[in-house]
Amino acid sequence: IFGGSGNSLYTAVNDLADPFSLHRLTFNSTAMPPSTIAGGALQFDEFGGNDPEIVQLGSGRMIIASDLIATGALTLTGTGSGMVTINGAISGNGGLNFTDGLWRLTNPASTYRGGTVIGPEAYVELISAAPGSQGVSVAGATASFLGNTSNHGTNGLVINGGQLKLTTVGGGELAIGSARPVAFGANGGVLVLTNSNEADPLAPGGNIAET
């Protein structure tokens with residue numbers, strides 16, 4: 001459990017093992033500045049037949065700078081109001097199951113092979129922060145924001161009641177390719193495309209293209 005409060009900056013560094021194996025990571029911070037987890041990679045493993053989880057219960061914003069390894073289905077959940085930003089790359093044979101909470105992925109070098117599901121209470125934002133006209137694939141054949149799509153036929157991207165927002169910043173480009181089409185589940189969902197910077201709405205954005 002990672003907690004914090006007040007106006008202090010909190011940082012936890014994984015200097016124990018790389019990767020460090022765990023089953024559940026829980027955030028319960030009320031700190032005003034964002035708290036950070038850095039250092040070696042974090043490997044999420046199932047335990048007792050239960051899928052691993054990242055759980056956000058706090059109002060404080062969290063930043064995961066470490067790379068993540070999903071050996072199986074990794075659930076990202078929680079009723080907390082704080083945004084969780086994952087800056088590290090995500091790899092492994094598993095996929096991501098967003099059930100609720102606010103999540104932001106900023107790394108276009110993820111290679112995880114499983115599917116991605118955005119459930120009814122989940123908000124997921126993908127941000128291209130690359131300068132210039134660099135193309136960044138939302139779901140590429142080898143690496144992308146949403147992993148390796150070589151098996152996309154059975155491991156697709158499904159918006160099932162939640163919201164997926166694609167944001168370009170500083171002239172970068174987000175490409176939605178046929179490698180992993182976006183599908184909507186029985187609960188529907190929302191796909192938002194924007195090329196503005198939420199922190200500075202007047203800042204120039206990039207392009208969102210279909211390839």
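The values are calculated or read from the model by the stated rules, or taken from the named source; none is laboratory data. Owing to the predicted nature of the structure, the values given are computational and were not obtained by experimental measurement. Glycine gets a Cβ as well: all are built from the backbone with ideal geometry, and neighbour counts include every protein chain shown. Heavy atoms of the whole protein, side chains included, go into the accessibility calculation; ligands, DNA and RNA do not. Shrake-Rupley method; radii C 1.70, N 1.55, O 1.52, S 1.80 Å.
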Against the definition (of a type in the set (S, T, N, Q), at pLDDT below 75 and surrounded by fewer than 22 Cβ atoms within 10 Å (Cβ to Cβ)), how does N155 come out, yes or no? yes
Could you please let me know if G92 is open to solvent by 20 Å² or more (accessible area, probe 1.4 Å) and at positive phi? yes
In the stretch 6-23, which residues are open to solvent by 40 Å² or more (accessible area, probe 1.4 Å) and in contact (Cβ under 8 Å) with a residue 40 or more places away in the chain? P19
Among the residues listed as T26, T36, the single one being β-branched (V, I, T), open to solvent by 10 Å² or more (accessible area, probe 1.4 Å), out of contact with any His (no Cβ under 6 Å at 6 or more places or on another chain) and within 15 Å of D100 (Cα to Cα): T26
Residue among I54, I63, I69 that is open to solvent by less than 20 Å² (accessible area, probe 1.4 Å) and modelled with pLDDT of 95 or more: I54
Step by step: first the residues of the stretch 158-182, then only those that are of a type in the set (G, A, S) and modelled with pLDDT under 80, then the one that is surrounded by the fewest Cβ atoms within 10 Å (Cβ to Cβ). Which residue is that? S178
Could you check how many residues of the stretch 39-51 are on the phi > 0 side of the Ramachandran plot and open to solvent by 50 Å² or more (accessible area, probe 1.4 Å)? 2
